[in-house]
Amino acid sequence: MTTETVSPLISLAGIQKVFGAVQALSGVGLEIHAGECLGLVGHNGAGKSTLMNILAGTLEASDGALTVSGKSLGKGYSVQDAGNLGIRCVFQELSLCPNLSVAENTRIIHPVLKGFAWRKRAAALIMDQLERIFPGHGISPVDIIGDLSISKRQMVEIARAFTVTETNLGLVILDEPTSSLDARVANQLLDYIEKITASGTSVVLISHLLGEILQVSDKIAVMKDGRVVAFREASEFDRSRLVEAMGSTLAAGVAPRRDVQSAQAIGDERIHMRPSGQPDDQTIRAQAGEVIGFAGLAGQGQTEALLEIFEGHGVLPSGRGGNDCCFVAGDRQVDGVLPLWSIRKNIGIASLRRLRSGALIRNEREQELAEAWKDRIGIRAPNVEAPILSLSGGNQQKVLFARALGSASNIVLMDDPMRGVDIGTKNEVYAIIRQEASQGRTFLWYTTEMEELDYCDRVYVFRDGVVSETLVGSDITEENLLQASFKQVSGAA
């Protein structure tokens, strides 16, 4: 459609947001038209999620004007108001109630579902939408959210946002919606975005995967330091122009994978494990200086294998175990950040033995460690005493990297750790991983992003909880990974 001659569905003008002394948004202006997909990109802390929280009614702007369907909305604009206007948001930090079922979580945003047999109607509503977006999803309406994997929780949250009862759907905000989805499921969502926008519903897509942005967006807005620094037709961008507009430089290709023999010569074997239930003689091995990848469709046992390794090498809550292994969680809200602590304490918790003097923790040592990693990994915060929850999701993830990499552990386990992390930080972390590996550290890395497997010396592909294939060197290709992801292992349950 020709949006220039049609009034916008959403208009944001001069939007500002201040948190104490921090100016999170500085006079942001944007327009979103009906049936349009707006791609929104920028580094962690650029203000993307803050802006969308204002549009979704979960935050109130300090100043500026918000107009929806020609109606000016002033102070007191709320989540309920946004819902009544057909605006939904899938938040980066998932908002489902973990103790409720899939159907019960659907009822939360649809109060019209009440009376006799409301659970049956809620179940039919969410299952229909799940099947539309994610055919073959494997989710039941009676599943308790807390029992689902993070990828399935993300699928439920996305599908719930697109369900319709009384109010027509005008705009759906998707904040890093594919961060926990494997490539196959992510492509199902991207296909659905193209279908739903063609029917007249608008979508705002926030993603650090620039290929996704370029694939489905009609227009792209780039944010930096709380401002929109570029807002143009998607056809005017390519990956390098997007990165340049964000204020970064594009890495010159993928870092070359090291020769396997030279990697093996770095040091002794540190991991030798046969996954529980493995029906054949496949084992997971990792030597000093290697970067080992775990791949396959989401939820096929990769996280469980990492936890099994951690139980043998890491420090458990009971205190049992050594100090040779640390863990970077992908689900940072459940397994990662310590929400009541500062950035300093969140980084230092994995290094307490080194920070101790006698029975006491030396605060100055903890401060030095936190400051060094804040600078090295680029955590955007005024100081390391700031609360961890004052950071954006991507910056919280940087703290988890700093915690692991700043420790003395020889083995670093990473469970799809790049959720919500911007492209600049990703490249920096990739470089740090390779540097640390060259000095003898061992990394085991589950990832749903194909390009990250190019940094690995060896990749174990999982299917139904066991290893279906081991790929090395030039055999680590997308085609081989897909074939192995669907390969049935003889004797597997």
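We did not get these values from a lab; they are worked out from the coordinates using the rules stated. These numbers come from a predicted model, not from an experiment. With ideal geometry, Cβ positions are generated from the backbone for all residues, glycine too; neighbour counts draw on all protein chains shown.
Details
- Remark: spin-label model distance PHE19-ASN480 equals 4.4 nm, labels positioned 7 Å along the Cα→Cβ axis.
- Phi angles across segment 465-475 convert, under the Karplus curve 6.51 cos²θ - 1.76 cosθ + 1.60 with θ = phi - 60°, into 3J(HN,Hα) values of x, 10, 7, 9, 7, 10, 10, 9, x, 5, 7 Hz, Gly and Pro given as x.
- For the pair GLN439 and ASP238, the difference between a 0.36 nm per residue extended length and the Cα-Cα distance amounts to 68.7 nm.
- Karplus-based coupling profile of segment 289-301, in residue order and whole Hz: x, 9, 10, 9, x, 10, 9, x, 4, 4, x, 9, x, with θ = phi - 60° in 6.51 cos²θ - 1.76 cosθ + 1.60 and x standing for Gly or Pro.
- Cα centroids of segment 446-477 and segment 25-81: 40 Å apart.
- Centre separation in Å (Cα based) which lies between segment 92-169 and segment 173-222: 20 Å
- Inter-site label distance for ASN363 and ASP268 at 7 Å from Cα along Cβ, in nm: 4.1 nm
- Descending by average beta-carbon neighbour count within 10 Å, the peptides 372-383, 438-449 line up as 438-449, 372-383, the highest first.
- Label-reachable residues, segment 92-119, where backbone N falls under 18 Å from a point 7 Å from VAL142's Cα toward its Cβ: 99-107, 117-119
- Added length on full extension, which subtracts the Cα-Cα distance from 0.36 nm per residue, ASP281 to ARG354: 22.4 nm
- Segment 65-137: chymotrypsin sites (Phe, Trp or Tyr not before Pro) falling in loop per DSSP and having at most 10 other Cβ within 10 Å: PHE116
- Listed pairs LYS114/LYS152; LYS75/LYS224; LYS152/LYS426; LYS374/LYS398; LYS219/LYS426; LYS17/LYS224 exceeding 19 Å between Cα atoms: LYS114/LYS152; LYS75/LYS224; LYS152/LYS426; LYS219/LYS426
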